[in-house]
Amino acid sequence: MLADYAVRVEQSRGRRYSEPKHPYRNNFERDRDRIIHARAFRRLQSKTQVFTRRYSDHFRSRLTHTIEVAQIARTIAAQLGLNVDLVEALALVHDIGHPPFGHSGEKVLDAAMRKHGLFFDHNLHALRIVEDFELRYAAFRGLNLTFEVREGIIKHSRDYGAAQYPQLEEYLLGQKPPLEAQLIDLADEIAYNTADLDDGYEAHLLALDKIRRGVPVFDKFYREAERAYPDALEKLKFNEAVKGMLNRFADDLIRHTRESIASAGVRSLEDVRCGAHRLVRFSPQVEQERLGAKQFLHENLYFSPALAPEKEDAEKVIGELFDFWMKRPQDLPGAYQEKAEQEPLARVVCDYIAGMTDTYIYEQYEKYVRL
């Protein structure tokens, strides 16, 4: 049963290009399936989340992180009476615009673009992927996703102003996104704030004692695990603590979002869109716990000296390749040379690099730069 404020697929604003109705899949299910079968989605398996494969094949890639976000988001959406099919599609597509080497890659690619008066934004790049770059259908370019999925791609994690982004005018920039889209950003936070603790511990970059001192909510659940399973291996007690932390965040998000919906007097999707604030949120206490965990990860993992060489390497590879193709566009693939006749060369080079996997960009670096 959908809540009154949920998105209903039969009321979708539709696709850019009209298509016949499918006999047994609704439009949001079809969008989910198109995303899963997209080449850009498959490439996520070889894009860094936090750790490259130099550490282990067991750590999250951008793809496995995406699957975890989808699982968390679906669970929460069902409890809130939201459209689970739309939520799943949005969760699966939310990171599709990320370049190689995780956030380090995004940072250096944006810096390279700004030298040419442009910028890189992974949400807007994701929209370009599903609107133009994916070539699977004879009738149209892109995936021809519904309006609601395209809107959620750009609005799930931030608001874009109409004055600064006139090209996005069709996406109701003056309104808040549906709850289905609002949920994705916080499901993402739940996923990586817990998973990155796990991967950091497994990589021996985060010591158990340090995590317990730096993340009190983790320590609370670890102490519970010690009492319940005193003879269990340390790693199993660690797993119990991470599970407890994830459940606490998810439970709180469900409960507090219900309260914020009720206190705002929301009765319909239109009420959600016209609201002054986003309604999917944690309670103040859990929000502080989330921020504390995030700060701990930034200070002790993401910017740890152990990962610095890989970040420096990523910046070097992307920066030098970007400069190379700006100077020698004739060495770009033919399709990108054709694009450069209609679009700024920097944008075309950026698009090419952003679509690469970690493995492929190293191959290109060896081929063209490290001669």
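Rule-based calculations on the coordinates, nothing more; no lab input. Because the structure is predicted, anything quoted here is derived from the model rather than measured. Every residue, glycine as well, gets a Cβ built from its backbone with ideal geometry; the counts of neighbours run over all protein chains shown.
A few comments on the model shown:
- Ignoring lysines fewer than eight residues from residue 47 along the same chain, the ones with Cα atoms less than 22 angstrom from its Cα are 107, 294, 311, 316, 367.
- Under the convention that each Lys and Arg Cβ holds +1 and each Asp and Glu Cβ holds -1, the size of the dipole of segment 129-225 around its Cα centre is about 220 debye.
- Ranking of 121, 351 by count of other Cβ atoms within 10 Å, fewest first: 121, 351
- Each Lys and Arg contributes +1 and each Asp and Glu -1, all at the Cβ; summed about the Cα centre of segment 9-308, the dipole is approximately 540 debye.
- In this calculation the C-beta distance from residue 368 to residue 67 is compared with R0 = 30 Å, giving a FRET efficiency of 0.35.
- Among 279, 124, 2, 183, a tally of other beta-carbon atoms within 10 Å of each Cβ gives an order, fewest to most, of 2, 124, 279, 183.
- Over segment 224-371, Cα pairs under 8 Å with separation of 6+ residues give a relative contact order of 17 percent.
- The modelled label-to-label distance between residue 283 and residue 268, using points 7 Å beyond Cα along the C-beta direction, is 3.3 nm.
- Taking 156, 277 and counting other C-beta atoms within 10 Å, the order from fewest to most: 277, 156
- Contact order, relative form, for the chain: 21 percent (alpha carbon pairs under 8 Å, 6 or more residues apart, mean separation divided by residue count).
- Equivalent-ellipsoid semi-axes of the chain, from the Cα gyration tensor, Å, largest first: 33, 30, 17
- Relative intensity of segment 62-220 on a log10 scale, I(q)/I(0) at q = 0.10, 0.11, 0.12, 0.16 Å⁻¹, equals -0.45, -0.54, -0.64, -1.03, per a Debye sum over C-alpha point scatterers of equal strength in the absence of solvent.
- Summarising the label geometry, the points placed 7 Å from Cα in the beta-carbon direction at residue 13 and residue 79 lie 3.0 nm from one another.
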